[in-house]
Amino acid sequence: MPTVVLPVLDEAEALPWVLSRMPPGYTPLVVDNGSRDGSAQIAAALGARVVHEPQRGFGAACFTGLVAATDDVVCFMDCDASLDPLDLPRVAGPLLQGGVDLMLGARRAEGGAMAPHARLANRALTLELRRRSGLVLHDLGPMRAARRDALLALEIIDRRFGWPLEMVLRAAAQGWRIAEVDVRYTARSGRSKVTGTVRGTLRAVRDMAAVLA
């Protein structure tokens, strides 16, 4: 069954809820990216495996989790309680059944869950992704699943917020079967480090623009 990589930076408030809703057979792997609020200790006390990545960056944490994973299938998801782990089987299921190579969870946001600037940025990026790859996708899919060895073979370079986009672009270039399924997206616990501020969104867009370039 899958390993679930959870990149974490100061998510002490959200971790208990996220870990308590992990489906049977899905093994949480918390990658602490320099938290100062005791997130790593909380995760360990709740029974999760914890590894540390001192280099700051979403992609750096994801890559460390990918390398540390021991299962054939690896899932990724944000650990801020905006995504429900109970949706993981819907994302990983088609992959486990052999129907796809990369499965994305397209966020269907409840009212107010995604700020207007974040919604506009996500739409612009997905439209550009469609243009470049030919994939008809509606979201960059922060909840996703793929096979570990295949992901490592993609040799993703970005170690910041361009990681999810580069994964899809490289997979599409290699002819992977890529699909998406709707997942619930609710107001996160605390303010997002990315979509919660215009500055954070612009930083993510900058990293993704570098990948597109």
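The values are calculated or read from the model by the stated rules, or taken from the named source; none is laboratory data. Keep in mind that this is a model prediction, so the values were computed, not measured. Virtual Cβ from ideal backbone geometry, glycine too; neighbours counted across all protein chains shown.
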- State whether the residues of the stretch 43-57 include one that is within 25 Å of Arg107 (Cα to Cα) and among the polar types (S, T, N, Q). no
- Query: Looking only at the stretch 157-172, which residues are farther than 15 Å from Phe76 by Cα, in contact with a Leu (Cβ under 9 Å, 6 or more places away or on another chain) and of a type in the set (A, V, I, L, M, F, W, C)?
  - Reply: Leu169, Ala171, Ala172
- Message: Looking only at the stretch 152-165, count every residue that is touching a helix residue (DSSP H, G or I) at 6+ places or on another chain (Cβ under 6 Å) and in contact (Cβ under 8 Å) with a residue 60 or more places away in the chain and tell me the total.
- Response: 7
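Have a look at Asp78, Asp84 and point out the one that is in contact with a Lys or Arg (Cβ under 9 Å, 6 or more places away or on another chain), closer than 15 Å to Val4 by Cα, surrounded by fewer than 20 Cβ atoms within 10 Å (Cβ to Cβ) and modelled with pLDDT of 95 or more. So that I can check it myself, show each step before the final result.
On the way: Asp78 fails: surrounded by fewer than 20 Cβ atoms within 10 Å (Cβ to Cβ).
Every option except Asp84 fails the conditions.
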- Would you pick out the residues in the stretch 29-73 that are free of Cβ contacts under 8 Å to residues at least 40 places away in the same chain and assigned to a strand (DSSP E or B)? Val31, Asp32, Arg49, Val50, Val51, His52
- Examine the stretch 140-158 for a residue that is among the small types (Gly, Ala, Ser), at pLDDT below 85 and assigned to a strand (DSSP E or B), and state whether such a residue exists. no
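Within the stretch 125-148, take every residue that is over 23 Å from Pro85 (Cα atoms) and either out of contact with any helix residue (DSSP H, G or I) (no Cβ under 8 Å at 6 or more places or on another chain) or charged (D, E, K, R) (or both) and give me the one that is surrounded by the fewest Cβ atoms within 10 Å (Cβ to Cβ).
Taking the stretch 125-148 and keeping what is over 23 Å from Pro85 (Cα atoms), we get 125-136.
Checking which are either out of contact with any helix residue (DSSP H, G or I) (no Cβ under 8 Å at 6 or more places or on another chain) or charged (D, E, K, R) (or both) leaves us with 126-128, 130-132.
On the way: Thr126: 20, Leu127: 12, Glu128: 14, Arg130: 13, Arg131: 9, Arg132: 14.
Restricting to residues being over 23 Å from Pro85 (Cα atoms) and either out of contact with any helix residue (DSSP H, G or I) (no Cβ under 8 Å at 6 or more places or on another chain) or charged (D, E, K, R) (or both), the top hit is Arg131.
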